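Notes for the one structure printed next.
The values are calculated or read from the model by the stated rules, or taken from the named source; none is laboratory data. What you see is a predicted model; the values in this text were computed from it and never measured. FYI the Cβ positions are ideal-geometry reconstructions off the backbone, even for glycines, and counts take in every protein chain you see. What goes into the accessible areas is simple: the full protein's heavy atoms, side chains included, and nothing from ligands, DNA or RNA. Shrake-Rupley method; radii C 1.70, N 1.55, O 1.52, S 1.80 Å.
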Amino acid sequence: MWAALQEDATRVPVGLRALINRRVAWWNGDQYCQDAHAAKGRRLGVSAEKIEALGNYALSPLFSDAEKVALEYTDTITETHRDVGDELFARLRQYYDDDAIAEMTMIIAWQNAGTRLNRAFRIPSQGFWKQ
């Protein structure tokens, strides 16, 4: 499943995938995945400034409107006390077709499972980012 969603998936841009994965890891307190996905994002061409601005993406000019709505969708799915409302879903559909939304949702769900396992097992950062 990991390879299908991270390596073979084509509808969600690779840089956005890395940002989504890092954002989920932040929500779930998974230091290992935050580190790994920041490093992967850099290898894929995401700027260090953008990776560092991820915590304030909604107000940052570094993120496109399409990226902002994808990250808001990520936050809403990951924070389990929230619901993806009709308004958010309509904004998401302005930028992504049904197949891309399905792929993005699976990326978010799979990353949520992995980061929660890593945190439960106390897997620390490996120092991939900023080496």
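For segment 13-44, residues that are open to solvent by 60 Å² or more (accessible area, probe 1.4 Å) and closer than 17 Å to Ala66 by Cβ total 3.
Evaluate the following for Glu7: is it open to solvent by 20 Å² or more (accessible area, probe 1.4 Å), in a helix (DSSP H, G or I) and touching a Leu at 6+ places or on another chain (Cβ under 8 Å)? Taking the combined requirement at face value, the residue does not satisfy it. Remark: pairs (first residue in segment 60-89, polar (S, T, N, Q); second residue surrounded by 13 or more Cβ atoms within 10 Å (Cβ to Cβ); Cβ separation under 6 Å; 6+ apart in sequence or on different chains) = Ser60/Ala53; Thr74/Ile20; Thr74/Arg23; Thr74/Ile108; Thr76/Val84; Thr78/Val24; Thr78/Trp27; Thr78/Asn112. In summary, helices (runs of 4 or more DSSP H) completely within segment 26-95 and bearing 3 or more residues that are closer than 20 Å to Asn112 by Cβ and acidic (Asp, Glu) occur at 65-78. The single condition among (1) open to solvent by less than 30 Å² (accessible area, probe 1.4 Å); (2) within 19 Å of Ala25 (Cβ to Cβ); (3) in a helix (DSSP H, G or I) that Leu117 does not satisfy is (1).
Scanning segment 7-46 for residues that are closer than 19 Å to Gly127 by Cα and of a type in the set (D, E, K, R) returns Arg22, Arg23, Asp30, Asp35, Lys40, Arg42, Arg43. Is it true that Leu71 is over 13 Å from the mean Cα position of the chain (by Cα) and at pLDDT 95 or above? So Leu71 fails the test. Scanning segment 53-109 for residues that are more than 22 Å from Asp8 (Cβ to Cβ) and among the aromatic types (Phe, Trp, Tyr), which turns out most open to solvent (accessible area, probe 1.4 Å)? Result: Phe89.
Can you tell me which residue within segment 103-131, out of those that are among the small types (Gly, Ala, Ser) and touching a residue at least 24 places away in the same chain (Cβ under 8 Å), is nearest to Ala48 (Cα to Cα)? The qualifying residue nearest to Ala48 (Cα to Cα) is Gly127. Cβ-Cβ distances below 8 Å connect the following pairs, each with a first residue in segment 9-35 that is over 20 Å from Phe63 (Cα atoms), a second residue that is charged (D, E, K, R), and a separation of six or more residues or different chains: Ala9/Arg17; Ala9/Glu103; Asn28/Arg116; Asn28/Arg119; Gly29/Arg119; Asp30/Arg116; Asp30/Arg119; Cys33/Arg22.
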